[in-house]
Amino acid sequence: MEIDYGTSHRIREKLGDRLMNIVIVIILAFVLLVTIYPFLHVIAVSISNPTEVLENRVTFYPRGFFIKCYEKVMNDRFFLRSYLNSIIYTTLGVLINMLMTVMMAYPLSRARFMGKSLFLPMIVFTMLFATGLIPHYLLVMQLGLIDSIWALILPPAVNTFNLMILRTSFMSMPVELEESAKIDGANDFQILWRVCLPVSKAILMTIGLFYAVEHWNSFMAPFLYLNTREKYPLQVILRGMLISGEMSEYVDFDQLLISKMIKYTTIVVSILPILCVYPFIQRYFTKGVLLGSLKG
């Protein structure tokens, strides 16, 4: 009787692939559980019964239902004002970031740009050697930006890492696209707007998300440069809530319990905007990260 070694070998390969897939699924499921558990725990604690929270019975699902902490947080005028400030700072900051990054990345990606060899090393130098806190503060002070929203927006107008990613994306575009646009009579601005940007949509969305998260989570810059409490963004107010316990008023429960529940409540409220935005740009984000890893 002849033995078909080829068939048995293919069977062993299929079994090996299935076992590997099972192992990978188990590992990824464990990573998912470890990653999502803290998030579910925070949400569960923020809406659970205070007694259950005080006795540490809440795990990843709520026990009871209690939303008075949400009512108190959302009724705090400083919290709402800081929330609006963060939205304004993030929106305006991302617009300026994207405009400056695109306008710098495009000429640096063109071989015919005469100043490329001069400006590119200077830009890369800022990525390798950052300035210290004191020189940065003195510069902002000399520009008259102290206690101004522009102190939070203009200094980080361009992130060098994001600039280099976008420049690499523009460089990887087929030359034929640009040549055909020139034949049709398009100038550089038209080529950038009608050719480069639509093709680089995934990279642009990814960079935009990076900028948005950076502005939304910014704490040190507003803490240093803003002196008026009405101008504080969300992160600075959260610091007062989480560390100093600063709020307009508290609910009439045990101080320790309320302080703990308010911390979890403010965490949930503060991450809602990013959670609402991310699902709409997730497919661009995944594709953009992949393109950046391949083209960089």
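Listed here are the residues, each with its yes/no results for (1) modelled with pLDDT of 85 or more; (2) aromatic (Phe, Trp, Tyr).
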residue	(1), (2)
204	yes, no
216	yes, yes
236	yes, no
240	no, no
243	no, no
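Just one of (1) within 30 Å of residue 263 (Cβ to Cβ); (2) surrounded by fewer than 17 Cβ atoms within 10 Å (Cβ to Cβ); (3) touching a residue at least 24 places away in the same chain (Cβ under 8 Å) fails for residue 60. It is (3). If you go through the range 69-83 one residue at a time, do you hit one that is outside any helix (DSSP H, G or I), of a type outside the set (Asp, Glu) and either without any contact (Cβ under 8 Å) to a residue 40 or more places away in the chain or more than 30 Å from residue 264 (Cβ to Cβ) (or both)? No, the range 69-83 has no match at all.
Number of residues in the range 110-130 that are surrounded by 12 or more Cβ atoms within 10 Å (Cβ to Cβ) and out of contact with any Leu (no Cβ under 8 Å at 6 or more places or on another chain) equals 5.
Filtered by the rule that a residue be assigned to a helix (DSSP H, G or I) and more than 19 Å from the chain's Cα centre (by Cα), the range 219-240 gives 223, 224, 225, 229, 230, 231, 237, 239, 240.
Residues that are under 29 Å from residue 86 (Cα atoms) and not aromatic (Phe, Trp, Tyr) occur at least once in the range 118-126.
The values are calculated or read from the model by the stated rules, or taken from the named source; none is laboratory data. What you see is a predicted model, and the numbers here were worked out from it, not measured in a lab. All Cβ positions, glycine included, derive from the backbone under ideal geometry; neighbour counts span all protein chains shown.
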